[in-house]
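S.K.: Here it is: the structure, laid out below.
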Amino acid sequence: MRSWDQGNSRIRAVISVLAVLAAALGPCSRISSQSQPPFPARLSAATQTPATQPGALPASPQPTGSAPPGFTPQQRAGLSVVVLDPAHGGTDSGARGTGGIRESEVVLEFATQVRRALEFQGFQVVLTRQGNENPSFDDRSAMANAQNGAVFVTLHVASTGSPETARVYINSDLPTATDSRGMIPWDRAQVPFQGLSRQLGDAVQGLLEQRFKGSPGTAQTAAVRQLRTTAAPAIAVEISSVVVEDRNELDRMAPGVADAIARGVAAFRPSYVVPATPGGTP
Amino acid sequence: MTPRLRVWLLGALLAAVIVGMIYFPILRRRVQRAARIRQQSEEQARRELTQTLTANPGEPRVKATVFWASGADDGSLAPSTIELPLSNDPVLRSKQVLNTLLAGPVDVELRTLPPDAVLLAFYVLPDGTGIADFSEALANSIPSGIQSEQLAVDSIVRTLEANVPQVRRLKILIHGQEVETLAGHLDLTGTFMVSAKTAQMPAQTVAPSPQPATKTAAPSTDKPATPATDKTQAPTPGKLTPATPPGKLAQPERKP
């Protein structure tokens, strides 16, 4: 009994030390807690009435980087969160090379380096998965849609393309639509952000082109499923390819890809007037 | 045995060996060729079983444009002109050009679709929406990736655009079912605009049953909750603010 009490006191001491450490590492603990927000919270956040009422924004489109007249400095808190999505996972391994390279594993390792580079630039990073799980497309989008002032970057490895090249995709133009309540349907959440996604995509692609010769100079459009339901500036970054003989060829690209994404997002930051509420339009 | 007979026998044996050395490689090549032909015949037979009449030799031969890969690694397509006895019926014509696309170019490296994929059915709705139903091999055998999947869909869309003007939009099904993505990346839940400027654009989802064309330019939608109030308008390219008044996100209509 005595030894049990002693053991308990030791455990309590360890817990208190851990608690002090956790408090000191506040931002990190926040990241992990935000990586899996409870679904009802996401839903309610996504369905809140925006502080800026419909009609407050001018009807005419705003120029790049300028705040609409309805926005106050408090609302323009700025881009601070990057939702990073290592695609696939679980039973879905994505593209597979003849040498056994799996897209789901490569992107998870890339995500670690991209996260580090983004945090170095001062961004808070939310990962859609941290292990070998496979959230649905909508669950991944929901993690971005619940944030206020986030951008979304999904990482992929292709089966095709010149080795050691990287391409950025933005979603193809979708027709705009609102329902009877003036709300944007979930399956077209990307619509209001298409222009911003183009700007973000071009910024990242320009930096990738400098690092990986043979890559395009501007972002390309494609009907990427993951991007369509994301209510934030969103891009897909795809590197080539799983067909390489040696996995090291891909791993060598990771620092360059990470740096290009981080610096591209940082360059994009001043031009993004974030919505007042999560899920709101820019 | 006399020495003379022995010489004749040795000569005959030598001649047989020489003939064998010449003939056996030829025979080997013929066997390999026959195996290849049998393999092709099986694939051809499968296609013939799963498709109806696609070519009528009585039709006049016209130049069809089929889009295969250009050979560059940038995921671009290149047009190839082929003379085909194309039907005037849009459904038959669509089947003919898509089967030609599936058959592939001479250079197999330029294929955009898997060799074992089959077009199971093709329909055209009165509003100009074409529905192409492919076998599961299209989704299972295509190289996974945004670039390769986009190239496949683009080749289908542009081939239809070049040859079948009656098809304005395209919906792709896999074995009769709507699927979320082609091979994990490309969105197949919507329709693709069959037009030069918007070939990569997934539009609204297709109506579940054939409907007559409406007066509005925008295509009908299959969203049952709000079909009458759906306000659609063309996006404004290059603008950084939304073309529509600011709104908020609705709840997801479908959770996988």
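S.K.: Scan region A:213-230 for residues that are more than 9 Å from chain B (Cβ to nearest Cβ) and either in contact with a Gly (Cβ under 6 Å, 6 or more places away or on another chain) or over 15 Å from residue A:154 (Cα atoms) (or both) and jot them down.
M.R.: A:213, A:215, A:217, A:218, A:219
S.K.: Oh, and also: Select, from A:230, A:154, A:160, the only residue that is over 15 Å from the mean Cα position of the chain (by Cα), of a type outside the set (Asp, Glu) and either under 25 Å from residue A:128 (Cβ atoms) or assigned to a loop (DSSP other than H, G, I, E, B) (or both).
M.R.: Answer to the check: A:160.
S.K.: While we're here: Going by the conditions given, is residue A:233 facing chain B (nearest Cβ under 7 Å) and of a type outside the set (Val, Ile, Thr)?
M.R.: no
S.K.: It is to be established whether one or more residues within region B:125-147 are within 25 Å of residue B:73 (Cβ to Cβ), out of contact with any helix residue (DSSP H, G or I) (no Cβ under 7 Å at 6 or more places or on another chain) and in contact (Cβ under 8 Å) with a residue 60 or more places away in the chain.
M.R.: Yes, region B:125-147 has at least one match.
S.K.: Residue A:257: under 30 Å from residue A:185 (Cβ atoms), assigned by TED's automatic domain parsing to the domain that holds residue A:86, in a helix (DSSP H, G or I) and modelled with pLDDT of 95 or more, yes or no?
M.R.: No, not satisfied.
S.K.: Is one or more of the residues making up region A:163-178 assigned by TED's automatic domain parsing to the domain that holds residue A:106, without any contact (Cβ under 8 Å) to a residue 24 or more places away in the chain and part of a helix (DSSP H, G or I)?
M.R.: No: zero hits.
S.K.: Then there's this: Can you find a residue that is of a type outside the set (Gly, Ala, Ser), surrounded by 14 or more Cβ atoms within 10 Å (Cβ to Cβ), out of contact with any helix residue (DSSP H, G or I) (no Cβ under 8 Å at 6 or more places or on another chain) and assigned to a loop (DSSP other than H, G, I, E, B) anywhere in region B:92-103?
M.R.: no
S.K.: Right, another one. Quick one: in region A:126-144, which of the residues that are in contact with a strand residue (DSSP E or B) (Cβ under 6 Å, 6 or more places away or on another chain) and surrounded by 21 or more Cβ atoms within 10 Å (Cβ to Cβ) is farthest from residue B:187 (Cα to Cα)?
M.R.: Of everything passing the filter in region A:126-144, A:126 is farthest from residue B:187 (Cα to Cα).
S.K.: Take the residues in region A:183-212 that are part of a loop (DSSP other than H, G, I, E, B) and more than 20 Å from residue A:114 (Cα to Cα), then tell me which one is farthest from the other protein chains (Cβ to nearest Cβ).
M.R.: Among those that are part of a loop (DSSP other than H, G, I, E, B) and more than 20 Å from residue A:114 (Cα to Cα), it is A:190.
S.K.: How many residues does region A:233-254 hold that are assigned to a strand (DSSP E or B), β-branched (Val, Ile, Thr) and within 17 Å of residue A:161 (Cα to Cα)?
M.R.: Looking only at that region, the number is 2.
The values are calculated or read from the model by the stated rules, or taken from the named source; none is laboratory data. Values in this document were obtained by computation on a predicted structure and should not be read as measured data. Reconstructed Cβ throughout: ideal geometry from the backbone, glycine too, with neighbour counts over all protein chains shown.
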